[in-house]
Amino acid sequence: MNERQVKHITPKSEDFSRWYQEIIQKAELADYAPMKGMMVIRPYGFAVWENIQHHLDRRIKATGHVNAYFPLFIPESFLQKEAEHVEGFSPEVAWVTAGGKEDLEERLAVRPTSEAIIGPMYAKWIRSWRDLPLLINQWANIVRWEKVTRPFLRTTEFLWQEGHTCHETAEEAEEETLRVLAMYREFVETELAIPVLSGRKTLREKFAGAQMTYALEALMSDGKALQMGTSHNLGQHFSKAFDIKFEDRRQKLQYVWQTSWGMTTRLVGALVMVHGDDAGLRFPPRVAPVQAVIVPISVGDWKTSVLPAARAAADALRAAGIRVLCDAREEATPGWKFAEHEMRGVPLRVEIGPRDVQAGQAVIVRRDTRAKEKAAFEALPVRVASLLDEVQKRLYAEADSFLAANIREARSFEEFREILEKDRGFIRGGWCGEGACEDTIKNATMATIRVIPLDETEPVSGGLCLACGREAKGRPYFARAY
RNA sequence: CGGGGAGUGGCGCAGCCUGGUCAGCGCGCUUGCCUUGGGAGCAAGAGGUCGACGGUUCAAAUCCGUCCUCCCCGACCA
């Protein structure tokens, strides 16, 4: 019993923050690098990111976008062209000032986002309305000099995908912004099994340089919100700054209408915080690095009596397109393996022992419910595939009911504070639309407006602003956020 | 950037107050035997200039000073 404690992680309910850090290291998703705020994404964690990339890239391409790659460095003069953009990012830009032993004539920013290096290129490439829409995405690394960092959630360098598009009209740009938002939502819900709220950001929360920012927000199991992705309508802010013009269908010179949008390695952190439990991770099958682990029960002459059957089962599952691992390590006992793979979030475990071989069957155990069942060897691929679907659905359903149970209404500021104190989660309440009131609430409670639902563009009558008591113009979702 | 905590074999820690067999424990690791249906057991091993630099002293993991790094909690952000 005492020895067990050694490998054990802090229970989630006892100290969520500590649980998060420990599980990330023990499950080998990531490790701290020797530089502040930087981490190494280890193979197991990177496999999750690769699965995310795969599923997202598919959708990005299916909506007509193509991938390209732009430089890591941005000349300072470029970065400064869009005033609000520079202003917003200047505190967190890393600079390159020398090459070898020679100082540079102009400093180079390590991209905190790529608008400022993509803009000038688009200006070169776009001449006519026939060049539009231009729909490019890039997978890249980004550097933002953050003061407070946490593995996956906020690191100095992170990986992401950033889409940058140009359109003929304001309407098309807005459509693109919303199309991507919907695509993101479908992706997060389907692949990551995470339900989200989507909507507009307030002016204070929008991307520096954007005209309008839309976002997805998810609820972590400690009751704090996490932004899962953003889609920005840039209007003509950047096209004017970078002189991206085209001749339209009536032979008139116009600035293009742009969008940009991104999702990051933060999503890996979201998977951990939404689905994890006291025993460790619980990965949704569609992004799990290993979907099913086969544990041969090592007794007696298991290497000759059990192992071949385990290997054959692994081959059969692999042939059925399932990501499977046959854990034939001799140095670990079956019990050890059970606990380890549970901690690492493998959705299904398939146990095969001497008795099973005799009976021509295997024991399948679900990570999410720990339910056990038996399946004949021949039926294994079909049964495992269908159980993976069930686990995926159940994880979503569980997260969805948690989200639903943690969206509350506040009719007064007092009520708002009580909910925050007692339950956290999302709180819907009246807002007059003024930034000052947004600040008042934030300063008093640390909660911010996460999103303003899209179905709510018209003023809502009857409600009052939580901060000033005047008539509310909308009822956004508030929350404390990461 | 403010407040707090911590740097001792791979990991987790004890030792520090009261300098001197204090280089120690557990886990892990290596080798062998034996085991294996929920984190096995025994035996023998390998492994550390005690975060860095400077100072006090006959003597520093221990006392003093400076610096570095990491973590947590806050203000800013994917």
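A:TYR32 meets all of the listed conditions (1) within 16 Å of RNA strand B (Cβ to nearest atom); (2) open to solvent by less than 90 Å² (accessible area, probe 1.4 Å); (3) within 27 Å of A:GLU92 (Cα to Cα) but one, namely (2). Residue check: is A:SER401 more than 30 Å from A:ALA310 (Cα to Cα) and free of Cβ contacts under 8 Å to residues at least 12 places away in the same chain? It is true that A:SER401 is more than 30 Å from A:ALA310 (Cα to Cα) and free of Cβ contacts under 8 Å to residues at least 12 places away in the same chain.
Taking A:ARG355, is it within 10 Å of RNA strand B (Cβ to nearest atom), in a helix (DSSP H, G or I), open to solvent by 40 Å² or more (accessible area, probe 1.4 Å) and not assigned by TED's automatic domain parsing to the domain that holds A:PRO43? Yes.
Residues that are charged (D, E, K, R) and open to solvent by 30 Å² or more (accessible area, probe 1.4 Å) within the stretch A:234-279 comprise A:LYS240, A:ASP243, A:LYS245, A:GLU247, A:ARG249, A:ARG250, A:LYS252, A:ARG266, A:ASP277, A:ASP278, listed in sequence order. Among the conditions (1) within 16 Å of RNA strand B (Cβ to nearest atom); (2) in a loop (DSSP other than H, G, I, E, B), A:GLY88 misses just one, which is (2). Listed here are the strands (runs of 3 or more DSSP E) enclosed by the stretch A:147-246 that have at least 3 residues being in contact with a helix residue (DSSP H, G or I) (Cβ under 6 Å, 6 or more places away or on another chain) and in the same structural domain as A:ILE60 (by TED's automatic domain parsing): A:157-167, A:212-219, A:225-235. Under 7 Å between Cβ atoms, at least 6 apart or on separate chains: pull out the pairs that start in the stretch A:315-336 with a residue that is without any contact (Cβ under 8 Å) to a residue 24 or more places away in the chain and end on any residue that is outside any loop (DSSP other than H, G, I, E, B). Within 7 Å, the pairs are A:ARG318/A:VAL324.
Scanning the stretch A:326-348 turns up at least one residue that is part of a strand (DSSP E or B) and either more than 8 Å from RNA strand B (Cβ to nearest atom) or not aliphatic (A, V, I, L, M) (or both). When the test is whether a residue is aromatic (Phe, Trp, Tyr) and either at pLDDT 95 or above or under 30 Å from the mean Cα position of the chain (by Cα) (or both), A:PHE377 passes it.
Take the conditions (1) closer than 20 Å to A:PHE70 by Cα; (2) basic (Lys, Arg); (3) away from RNA strand B (no atom under 15 Å from the Cβ); A:ARG144 misses just one of them, which is (3). Would you confirm, using the coordinates I've provided, whether A:GLU217 is surrounded by fewer than 23 Cβ atoms within 10 Å (Cβ to Cβ), touching a residue at least 60 places away in the same chain (Cβ under 8 Å), acidic (Asp, Glu) and within 28 Å of A:THR445 (Cα to Cα)? Against the criterion (surrounded by fewer than 23 Cβ atoms within 10 Å (Cβ to Cβ), touching a residue at least 60 places away in the same chain (Cβ under 8 Å), acidic (Asp, Glu) and within 28 Å of A:THR445 (Cα to Cα)), A:GLU217 qualifies. Tallying residues that are outside any loop (DSSP other than H, G, I, E, B) and either touching a residue at least 12 places away in the same chain (Cβ under 8 Å) or not assigned by TED's automatic domain parsing to the domain that holds A:ARG249 (or both) within the stretch A:93-129 yields 19.
In this structure, A:SER77 does not qualify as assigned by TED's automatic domain parsing to the domain that holds A:LYS206, surrounded by fewer than 17 Cβ atoms within 10 Å (Cβ to Cβ) and within 15 Å of RNA strand B (Cβ to nearest atom). Quick one: would you say A:GLN25 is assigned by TED's automatic domain parsing to the domain that holds A:GLU205 and either closer than 30 Å to A:ARG424 by Cα or open to solvent by less than 70 Å² (accessible area, probe 1.4 Å) (or both)? The answer is yes for A:GLN25.
For the stretch A:190-216, which residues satisfy the criterion of being farther than 30 Å from A:PHE283 by Cα and not hydrophobic (A, V, I, L, M, F, W, C)? Answer for the stretch A:190-216, where residues must be farther than 30 Å from A:PHE283 by Cα and not hydrophobic (A, V, I, L, M, F, W, C): A:THR202, A:ARG204, A:GLU205, A:LYS206, A:GLY209, A:GLN211.
The values are calculated or read from the model by the stated rules, or taken from the named source; none is laboratory data. Just so you know, these numbers come straight off a predicted model, no measurement behind them. No Cβ is skipped: glycine too gets one built from the backbone with ideal geometry, and neighbour counts run over all protein chains shown. The protein model used for the area step is the full one, side chains on, heavy atoms only, and it has no ligands, DNA or RNA in it. Shrake-Rupley method; radii C 1.70, N 1.55, O 1.52, S 1.80 Å.
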